[in-house]
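These notes concern the structure reproduced below.
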Amino acid sequence: MQHADFNDSLLEFLSLSPTPWHAVRHMTRRLEAAGFTALDERDDWQLESGRGYYVVRNGSSLIAFQTGRADPLTSGVRMVGAHTDSPCLKVKPNPELRRKGYLQIGVEVYGGVLLNPWFDRDLSLAGRVTYRDKDGRIRDTLIDFRAPVAFIPSLAIHLDREANSNRTINAQTDLPPVLMQTGEDDGTTFDQVIRSRVGQEHPESQVDRILGYELNFYDSQPPAVVGLSGDFIASARLDNLLSCHIGLQALVDTSGDQPALLVCNDHEEVGSVSAEGAQGPFLSSVLDRWCGAGNRARVMARSMMVSADNAHGVHPNFIDRHDENHGPLLNQGPVIKVNHNQRYATNSRSASLYRHISEKSGLPSQTFVVRSDMGCGSTIGPVTAGNLGVTTLDIGVPQWGMHSIREVVGVHDGHILYQGLRNFMQWEDVVCLAAE
Ligand code: ZN
């Protein structure tokens, strides 16, 4: 896929994917359009060689794979991993707060949210709703208000003179977004708001009662190309929907000769322990059913995983937050992430393998290691490597403002990593060094 098309389809994906469920739904549509076949975990699978398949768990994690024309026992599986979730504010189960005639919504902080940028944004609301229909069946569906339906106003500087020098944010008391002004007698409930939205988006739904939901607020401002020369992309959830987009497009565009797989897990931002998270059994279960349960160790010994997750580009106002020799620049290529304490799973073999692919493809790459006096983030790389015993590389597009409500990447890096991962997935003999 060409650079302009790649970025156009990225912007579309970002704006249609305010939650992991929406992201997975969008990815399955793209896989269907590319001829991939849906598999259901409850069924018996009859897989054919040279075909594409995908499986969804909980609606929020996805595995897609090309069985290839080679046997996984002799060629291994080239795997790319990413995550579908992003830090955000999730609606509490009993969310209504009524103060001074305003209806506000109690929120739980999901993951490591950078809270400051959530103030004074035009917020919308989206997620999954589970309901009982008029026939007594329990169903779930996705909703997305798309319009700006809520707001967290800043406190005026006159009422907090230390706002610029000494501001702290209390997640319990400072964050509840204002949904509407109700007046004294208006008994509008959040349940009614959700029920009416389900009815609008899904007129056929026949809701008897809303039984549960997982909803989050998000910034309604659409993604944009920014900068005088259009050097950057600004959007929510670039960490890590950008890597989902890269991995999906790479898998779809491979020759299909080599066994190759993409896993996009939910719950990375909160430690990956869940039925559909990277610490859960989703990937190992799919590999067992594809390659044969007794064969997994042999297949993994010939395989390699690339965990794609965004990296910290050096911020020009805060240059000293990076090691002086390891400050990745935007638009200078994806970043190989190294941490010998295994917060990243990269080793010298997996890093070298990517550098080899990258050089042979005429693509740039960079390398990151955190300052020795600072803590390091992590990805699904180490947990997947630990679970499967597979050689793993941690790599990602450099970005600014990680976990902000609006993050920034370079316009070129996503497409560069896409080309590198596509070649990783389709070149012959590419994983032999890493597997020995
Ligand atoms: Zn991430």
- line: Of (1) touching a Lys or Arg at 6+ places or on another chain (Cβ under 9 Å); (2) loosely packed, with under 14 Cβ neighbours inside 10 Å; (3) within 23 Å of Asn58 (Cβ to Cβ), Asp320 satisfies every one except (3)
- prompt: Assuming Gly81 fulfils every condition listed in (1) surrounded by fewer than 21 Cβ atoms within 10 Å (Cβ to Cβ); (2) closer than 20 Å to Val270 by Cα apart from one, which condition is it?
  reply: (1)
query: Taking interchain pairs and intrachain pairs at least six residues apart, which have beta carbon atoms under 8 angstrom, with the first residue in the stretch 201-229 and among the hydrophobic types (A, V, I, L, M, F, W, C) and the second open to solvent by 60 Å² or more (accessible area, probe 1.4 Å)?
result: Val207/Arg132; Val207/Lys134; Val207/Arg195; Ile210/Asp191; Ile210/Arg195; Leu211/Arg132; Leu211/Ile138
query: Looking at the stretch 293-300, is at least one residue in contact with a Cys (Cβ under 8 Å, 6 or more places away or on another chain) and open to solvent by less than 50 Å² (accessible area, probe 1.4 Å)?
result: yes
task: Answer with yes or no whether Val408 is of a type outside the set (Ser, Thr, Tyr), surrounded by fewer than 22 Cβ atoms within 10 Å (Cβ to Cβ) and within 16 Å of the ligand (Cβ to nearest atom).
output: yes
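Pick from Ser378, Ser348: which is surrounded by fewer than 19 Cβ atoms within 10 Å (Cβ to Cβ) and of a type in the set (Ser, Thr, Tyr)? Before you say what the answer is, go through the steps one by one.
Working: Ser378 fails: surrounded by fewer than 19 Cβ atoms within 10 Å (Cβ to Cβ).
Result of the check over Ser378, Ser348: Ser348.
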message: For the list (1) in contact with a Phe, Trp or Tyr (Cβ under 7 Å, 6 or more places away or on another chain); (2) within 16 Å of the ligand (Cβ to nearest atom), I need the number of the one condition that Val226 fails.
response: (2)
- line: Checked pairs for the stretch 99-120, first on the phi > 0 side of the Ramachandran plot, second surrounded by 14 or more Cβ atoms within 10 Å (Cβ to Cβ) and assigned to a strand (DSSP E or B), C-beta under 9 Å and 6 or more apart or across chains, list as Gly111/Cys88; Asp120/Phe151
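Scan the stretch 211-222 and give yes if some residue there is more than 30 Å from Gly35 (Cα to Cα), modelled with pLDDT of 95 or more, aliphatic (A, V, I, L, M) and open to solvent by 30 Å² or more (accessible area, probe 1.4 Å), otherwise no.
Step one: list which residues in the stretch 211-222 are more than 30 Å from Gly35 (Cα to Cα), which gives 211-221.
Next cut, modelled with pLDDT of 95 or more only: 211-221.
Add one more test, that the residue is aliphatic (A, V, I, L, M), and what stays is 211, 215.
When the remaining residues are screened for being open to solvent by 30 Å² or more (accessible area, probe 1.4 Å), the result is 211.
Yes, the stretch 211-222 has at least one match.
Within the stretch 277-288, can you find the residues that are in contact (Cβ under 8 Å) with a residue 24 or more places away in the chain, more than 18 Å from Asp43 (Cβ to Cβ) and touching a Ser or Thr at 6+ places or on another chain (Cβ under 9 Å)?
Our first condition is that a residue be in contact (Cβ under 8 Å) with a residue 24 or more places away in the chain; within the stretch 277-288, this holds for 277-279, 282-287.
Narrowing further to those that are more than 18 Å from Asp43 (Cβ to Cβ): 277-279, 283-284.
Matches in the stretch 277-288: Gly277, Ala278, Gln279, Leu283.
When you scan the stretch 260-317, how many residues do you find that are part of a helix (DSSP H, G or I), acidic (Asp, Glu) and away from the ligand (no atom under 12 Å from the Cβ)?
Going residue by residue through the stretch 260-317, those that are part of a helix (DSSP H, G or I) are 268-270, 282-291, 293-300.
When the remaining residues are screened for being acidic (Asp, Glu), the result is 268-269, 288.
From what's left, away from the ligand (no atom under 12 Å from the Cβ): 288.
Selection size over the stretch 260-317: 1.
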statement: Within the stretch 125-175, residues being more than 23 Å from Leu97 (Cα to Cα), open to solvent by 50 Å² or more (accessible area, probe 1.4 Å) and of a type in the set (A, V, I, L, M, F, W, C) number 2
Whichever residue in the stretch 391-404 is open to solvent by 10 Å² or more (accessible area, probe 1.4 Å) and touching a strand residue (DSSP E or B) at 6+ places or on another chain (Cβ under 9 Å) and, among such residues, is nearest to the ligand (Cβ to nearest atom): Met402
- line: Residue pairs qualifying under the 9 Å Cβ cut-off, at least six apart or on distinct chains, with the first in the stretch 292-312 being within 14 Å of Gly76 (Cα to Cα) and the second being among the polar types (S, T, N, Q) and within 16 Å of the ligand (Cβ to nearest atom), are Met304/Thr392; Met305/Thr384; Met305/Thr392; Val306/Thr392
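Which of the residues spanning the stretch 234-251 are part of a helix (DSSP H, G or I) and more than 10 Å from the ligand (Cβ to nearest atom)? Working first, answer last.
As a first pass, look at the stretch 234-251 and keep what is part of a helix (DSSP H, G or I): 238-251.
Within the stretch 234-251, Cys244, His245, Ile246, Gly247, Leu248, Gln249, Ala250, Leu251 qualify.
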query: So is Asn58 polar (S, T, N, Q), assigned by TED's automatic domain parsing to the domain that holds Gly212 and away from the ligand (no atom under 16 Å from the Cβ) or not?
result: no
message: Given (1) touching a strand residue (DSSP E or B) at 6+ places or on another chain (Cβ under 9 Å); (2) open to solvent by 30 Å² or more (accessible area, probe 1.4 Å); (3) closer than 30 Å to Leu353 by Cβ, identify the lone condition not met by Ala70.
response: (1)
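The values are calculated or read from the model by the stated rules, or taken from the named source; none is laboratory data. Computed from a prediction, not measured in an experiment: that's the story for all the values here. Virtual Cβ from ideal backbone geometry, glycine too; neighbours counted across all protein chains shown. Surface accessibility is based on the protein's heavy atoms, side chains included, excluding ligands, DNA and RNA. Shrake-Rupley method; radii C 1.70, N 1.55, O 1.52, S 1.80 Å.
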